[in-house]
Amino acid sequence: MSLFRYRVESEAVEIHASAEAVWEVLTDVGKYGEWNPFTTRVDTDFRIGSKVELQVRLGPLNLRQQERILQVDPPRLLAWGMTMGHCLLLSARREQRIQPVSGSRCRYVTTDELSGLLTLKVALLFGRAIRNGFNAMALALKERAESVPGE
């Protein structure tokens, strides 16, 4: 970690379901509240540049965030991000990656790249909670995708 750059990454989770099945769970944002312990609500249309309204459980805090869709590459990559004030203050890019291992297995990992003057403060205050949330979400995604009939 540098003063102005920080990367938070979940542990890679192997999922016994196809990348397409995991993508379906990941993009069915209307059901996030049923399975996702970290991001309990998401509203977006997945168009590049469109808003992403998030409800995030960060340790004991429930936060509302607004971000923008940056990249959508089904069934491998979903990315959104935000800039607080000016990009020199704080920027973040969240990536959720699905890597096929075989036709019926894949690997999931999520990262958040932070940069800007507030990076160190955010990392110190929230870094561990973000990583814990990412890991909880990854395990919940695995459980949800593996429970889909036919997978």
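Where a number appears in this text, it was derived from the coordinates with a stated rule and is not lab data. Fair warning: this is a prediction, and the values are worked out from it, not measured in the lab. Cβ: placed from backbone, ideal geometry, glycine included. Neighbour counts: every protein chain shown.
So which GluC sites (Glu not before Pro) in segment 27-68 pass both tests, a DSSP loop state and at most 13 other Cβ atoms within 10 Å of the Cβ?
Qualifying residues, ordered by number: none.
Specify the residue with the greatest mean-square fluctuation among L89, L139, L77, computed from a Gaussian network of the chain linking alpha-carbon atoms under 10 Å apart.
Of L89, L139, L77, the most mobile in the Gaussian network model is L89.
On a full-extension model of 0.36 nm per residue, what is the gain between R128 and L58, subtracting their alpha-carbon distance, rounded to one decimal in nm?
24.2 nm is the gain from fully extending R128 to L58.
Output the Cα-based Rg and Dmax of the chain in Å, rounding Rg to one decimal and Dmax to a whole number.
15.1, 48
Counting Lys and Arg as +1 and Asp and Glu as -1, each charge on the Cβ, what is the dipole of segment 1-72 about the Cα centre in debye, to the nearest 20?
I would put it at about 440 debye.
Round to a whole angstrom and tell me the spacing of the C-alpha centers of segment 100-115 and segment 1-69.
Here the answer is 13 Å between Cα centres.
How about K142: which aspartates and glutamates have a C-alpha closer than 15 Å to its C-alpha, ignoring those fewer than 8 places off in the same chain?
Qualifying aspartates and glutamates at Cα under 15 Å: E11, E14, E20, E24, D28, E34, E151.
Between D43 and C87, what is the label-to-label distance in nm when each label sits 7 Å out along the Cα-to-Cβ direction?
2.9
Once fully extended, how much extra length lies between T111 and E14, figured as 0.36 nm per residue of separation less the alpha-carbon to alpha-carbon distance?
Result for the pair: 33.3 nm of gain on full extension.
Of I130, I98, I48, which is the most mobile in a GNM of the chain whose springs link Cα atoms less than 10 angstrom apart?
I48
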